[in-house]
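Please treat every number below as a calculation from the coordinates, not as lab data. Here the structure is a predicted model, which is why all the values come from computation and not from measurement. Don't worry about glycine lacking a Cβ; one is built from the backbone with ideal geometry, like all the others, and counts go over all protein chains shown.
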Amino acid sequence: MALTSLYPSDYQVHLFHEGTLYESFRLFGSHIIEVGSDKWTRFSVWAPNAKEVRLVGDFNNWNGKGCTLHKINKQGIWTICLQENLEGKLYKYEIITKSGESFLKADPYAFYAEVRPNTASIVYSIAGFEWEDSRWMNYKSKRNLLADPISIYEVHLGSWKKKEDGSLLSYRELASELIPYVLELGFTHIELLPIIEHPLDMSWGYQGTGYFSATSRYGTPHDFMYFINECHKNGLGVILDWVPGHFCKDAHGLYKFDGSFLYDYPYENDRENRVWGTANFNLGRNEVQSFLISSALFWIRYFHVDGFRLDAVSNLIYWPNQPGRIENHDGAAFLKKLNSVIFQYDPSVLMIAEDSTDWPNVTSPVHYNGLGFNYKWNMGWMNDVLSYMETPSEHRWKAHEKMTFSLLYAFNENFVLPFSHDEVVHGKKSLLDKMPGDYWQKFAQLRLLLGYMMGHPGKKLLFMGFELGHFSEWKDKEQLDWHLLDYDMHRKMKAYVKKLLKLYKRSKPLYELDHLHDGFEWIDVNNVEQSIFSFVRKSNKENDLLVFVCNFTPAVYHDYRMGVPVKGAYREVLNSDHDSYGGSGVINKKVLQATETAFHGKPYSIKLSIPPFGVSVLRLVKHRKEKKGDDKEKVYSYAIGRRKRK
């Protein structure tokens with residue numbers, strides 16, 4: 001191999017400046033390259049406004065003399081090749097500006113970094129991990145993202161669980177503890193708060209420095225690959241929180257990288273993100289587009305991640321410091337470009353927007369003038385429902401429309417229903433503590449809320465700890481309150497969550513038509529006085545349906561007549577008031593036979609008991625014919641989910 005192969009090609013350089021080098025991590029950063037029997041280490045960095053760039057590290061006593069990078073083009077790409085294998089060595093770039101300033105910067109394209117508070121990059125070979133998830137990858141490539149169940153357990157790795165001495169679990173330790181736990185609960189995906197390298201624990205990863213570095217807090221990049229590999233082997237998808245909108249202003253990071261505003265906007269009002277004290281990416285700059293899109297593809301290619309949740313999309317599509325909402329055309333164009341490139345590379349990736357605005361067509365394809373995501377967080381639903389639940393039950397009749405409004409737009413986008421970490425921090429209380437009333441009523445209403453959530457159209461996301469019945473809001477420096485499982489009501493809450501998620505995954509009416517009007521039908525949406533909501537969820541199969549009855553008051557009703565769309569028998573398959581979940585035991589043990597008494601605008605009706613602060617889920621009992629040995633047909637009934645799996 002000729003020595004010329006050590007250096008970036010003209011074509012790579014051209015694509016980078018054009019904004020279309022989607023694997024720019026191959027051009028930049030540190031790479032071990034073999035030339036014959038020799039091993040070289042190449043370093044490349046983009047710093048167009050630097051007068052000089054030197055490589056410093058523990059291999060040269062942090063003295064860059066003799067390790068000056070060569071500027072290979074007018075647009076400011078610098079490269080140096082050293083004839084030695086520097087894997088595992090620490091390094092930074094010493095940037096000398098045109099004004100004579102000198103400062104040290106970590107490598108924006110580094111694959112690995114020191115454990116905070118240290119900030120040097122580490123030469124690391126990202127290749128070599130042996131994946132064992134081919135079965136998952138094949139399954140994922142064939143699945144229907146819209147018609148499949150998606151239930152997401154959102155996790156902050158640093159505070160889910162800790163060791164006895166308070167130190168963090170490693171990626172490999174998390175694989176052995178977190179994965180079985182999430183499987184036991186019944187979720188389909190784990191979503192991780194940002195794991196890109198970041199200097200401050202309190203930022204939870206949302207203010208990053210290393211967009212190609214899995215944070216070293218929990219181990220090496222290969223350790224993180226092991227974690228994802230184990231997730232996939234166990235049938236769990238992995239979604240990463242990803243932040244292409246803004247980055248931290250720490251001295252070793254991207255801010256004023258070469259003495260100029262390189263990755264961020266040149267004008268202060270555009271650049272400064274005053275809410276978070278960060279700098280906004282200049283999304284109109286071609287090289288920044290190459291950088292960010294390459295980051296997303298990097299995690300897909302090398303870490304096999306299954307999707308991204310993009311943080312604060314409104315910060316990308318609107319200018320942050322302008323009065324009113326002024327569209328950022330560069331931001332919107334970037335998102336369309338990003339989603340187009342990713343889906344061309346892998347159509348099975350989940351691209352989820354955290355967008356709190358009414359921007360149209362967020363989840364429509366780019367060729368239909370959409371932003372190109374396949375899912376969007378339903379922030380309006382979340383805010384309305386929590387506001388309703390925090391209203392004392394005797395006053396909920398005044399807020400009735402908060403529970404019905406979401407169905408006016410539920411099918412305009414493909415939604416994820418989120419109760420995320422943002423809703424249980426900064427004095428907002430835990431989900432359990434948001435519920436009004438006494439101890440028993442709080443638990444009952446949380447069970448009711450979760451049941452209503454499972455019945456509402458949209459995929460599901462819940463932040464870690466909700467299943468324990470946390471009274472305290474999330475404490476990011478401490479582990480979850482695992483001791484709560486020593487108490488009866490908290491154990492029963494976890495049991496209820498497991499039952500609820502099991503029902504969700506086994507019931508096509510709860511996910512198959514999430515994105516279509518055909519999958520939902522109100523039974524009674526107007527019962528303002530009693531605050532009872534009833535509705536039907538349906539699958540593609542005729543008469544495959546579930547009926548939900550939700551009572552948001554402490555009143556109990558027996559012989560409550562309710563309309564149903566299909567004649568037949570209905571069996572209660574879940575009741576949040578069952579005593580095994582901590583309820584009062586107002587359940588419907590017997591099959592409920594529909595009569596030809598029209599009610600609630602439906603041709604048939606049933607009578608049932610309505611539990612206090614409870615949700616009751618009914619399944620239409622199916623009939624099937626089976627021939628006996630004498631060729632006579634036997635007709636019998638069964639309820640899906642009642643027979644145990646062997």
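By how many nm would the segment from S260 to K428 grow when fully extended, if each residue of separation counts as 0.36 nm and the alpha-carbon distance is taken off?
Gain in length upon complete extension: 56.5 nm.
How do the peptides 468-478, 308-318 rank, highest first, by the average count of neighbouring beta carbon atoms within 10 Å per residue?
Numbers: 468-478: 17.5, 308-318: 22.7.
Averaged packing, sorted descending, gives the order 308-318, 468-478.
Residues whose amide H comes within less than 5 Å of that of L461, counting only those at least five positions distant or on another chain, are I152, L417, F419 (H built at 1.01 Å from N in the peptide plane).
Along the charge dipole of the chain, which of L574, A444, C550 sits closest to the positive end, that is, farthest toward it, with unit charges on the beta carbon of Lys, Arg, Asp and Glu (+1, +1, -1, -1)? In the chain, that residue is L574.
Per DSSP H run of n ≥ 4, the term is -39500 (n - 2.57); total these for the chain, divide by its residue number, and report the mean residue ellipticity at 222 nm rounded to 500 deg cm²/dmol. Write down the numbers at each step before the final one.
Numbers: 14 runs with 148 residues, N = 646.
It comes out at -7000 deg cm²/dmol, rounded to the nearest 500.
Around the amide H of F281, modelled in the peptide plane, lie the amide H atoms of H246, F247, all under 5 Å away and 5 or more residues distant in sequence or on another chain. Only Cα sites of the chain enter the Debye sum here, all with the same form factor; the resulting log10 I(q)/I(0) across q = 0.11 1/Å is -1.09, listed in q order. Between F373 and S364, the built amide H atoms are under 5 Å apart, and every one of these is 5 or more places off in sequence or on another chain. Quick one: grab the alpha carbon gyration tensor of the stretch 518-638, order the square roots of its eigenvalues as a ≥ b ≥ c, and give me rounded if a/c is under 1.5, else prolate or oblate depending on whether a/b is larger than b/c. It comes out prolate by the Cα gyration axes. In this rough spin-label picture, where each label sits 7 Å from Cα along the Cβ direction, the W131-N369 distance is 3.8 nm. Under the convention that each Lys and Arg Cβ holds +1 and each Asp and Glu Cβ holds -1, the size of the dipole of the chain around its Cα centre is about 2320 debye. Shown in residue order for the stretch 202-216 are the 3J(HN,Hα) couplings computed by the Karplus curve 6.51 cos²θ - 1.76 cosθ + 1.60 at θ = phi - 60°: 5, 7, 6, x, 7, 10, x, 10, x, 6, 10, 10, 5, 3, 6 Hz (x for Gly and Pro). Normalising the average separation of contacting C-alpha pairs (under 8 angstrom, six or more residues apart) by the number of residues puts the relative contact order of the stretch 518-638 at 27 percent. Between helix 221-233 and the chain there is an angle of about 30 degrees, using the helix long axis and the longest principal axis of the Cα atoms.
Rounded to whole numbers, the Karplus 3J(HN,Hα) couplings from phi for the stretch 593-607 are 8, 6, 10, 7, 10, 5, 7, 6, x, 10, x, 10, 8, 10, 10 Hz, using 6.51 cos²θ - 1.76 cosθ + 1.60 with θ = phi - 60°, and x at Gly and Pro.
Of the beta bridges in the chain, as assigned by DSSP with both residues counted there, near 75 percent are antiparallel.
Could you list R42, R537, R54 in order of exposure, starting from the residue whose Cβ has the fewest other Cβ atoms within 10 Å?
Values: R42 19, R537 25, R54 22.
Fewest-to-most ranking of R42, R537, R54: R42, R54, R537.
Taking the number of Cβ atoms within 10 Å of each Cβ as an exposure proxy, the fewest-first ranking of Y206, Y388 is Y388, Y206.
Which order results if K337, K567 are arranged by neighbouring Cβ count within 10 Å, fewest first?
Neighbour counts put them in this order, fewest first: K567, K337.
Put a dot 7 Å past the Cα of E52, heading toward its Cβ, do the same for Q344, and the two dots end up 4.2 nm apart. By how many degrees, between 0 and 90 and to the nearest 10, does the Cα long axis of helix 329-345 differ from the longest principal axis of the chain? The two axes meet at around 80 degrees.
Taken one residue at a time, the phi angles of the stretch 76-86 give Karplus couplings (6.51, -1.76, 1.60, θ = phi - 60°) of x, 8, 10, 9, 9, 10, 10, 7, 6, 8, 9 Hz. Gly and Pro are set to x.
Between the C-alpha center of the stretch 424-461 and that of the stretch 295-323 there is a gap of 28 Å.
Note down the relative contact order for the chain as a percent, whole number, built from C-alpha pairs under 8 angstrom at least six residues apart. Before the final figure, lay out the partial values.
On the way: 1370 pairs, mean separation 62.6, N = 646.
Computed over the chain, the figure is 10 percent.
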